[in-house]
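Below is one structure, written out as structure tokens, with a few remarks after it.
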Amino acid sequence: MTKLTKIQEFAIFCMEAYKTKYKLSGTEILNIFQKYNVFNFLESSYDLLHTQSMDYIVSEIYEYINNRK
């Protein structure tokens, strides 16, 4: 098994935080993150986002998704 990169670990953290806040299933959150390219957003914004609070990160993801609907 390979080690997860810091960005992959961060993406998993973000998925769990978003899933918990909005009471979604794992499948639902994965579908949303894929549909709206949230993983690309998290990778490109990693340097800034990983230093922020969980609430801030979840709110940024929420805004990112809503701007793409």
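How many of the residues making up segment 21-47 are more than 15 Å from Asn66 (Cα to Cα) and assigned to a loop (DSSP other than H, G, I, E, B)?
4
Kindly list, by first and then second residue, each pair from a residue in segment 42-62 that is farther than 15 Å from Ile12 by Cα and among the hydroxyl-bearing types (Ser, Thr, Tyr) to a residue that is part of a loop (DSSP other than H, G, I, E, B) and open to solvent by 50 Å² or more (accessible area, probe 1.4 Å), limited to pairs with Cβ atoms under 9 Å and residues at least 6 apart or on different chains.
Every condition considered, no pair remains.
Just to verify a result, which residue in segment 10-69, among those that are modelled with pLDDT of 95 or more and basic (Lys, Arg), is least open to solvent (accessible area, probe 1.4 Å)?
The residue in question is Lys19.
Checking the conditions here, which among Tyr18, Tyr56 is more than 11 Å from the chain's Cα centre (by Cα) and outside any loop (DSSP other than H, G, I, E, B)?
Values: Tyr18 fails: more than 11 Å from the chain's Cα centre (by Cα).
Only one candidate qualifies: Tyr56.
The values are calculated or read from the model by the stated rules, or taken from the named source; none is laboratory data. All figures in this text were calculated on a predicted structure; none of them were measured in a lab. Glycine also receives a Cβ, built like all others from the backbone with ideal geometry; neighbour counts cover every protein chain displayed. Heads up: the accessible areas ignore ligands, DNA and RNA and are worked out on the full protein's heavy atoms, side chains in. Shrake-Rupley method; radii C 1.70, N 1.55, O 1.52, S 1.80 Å.
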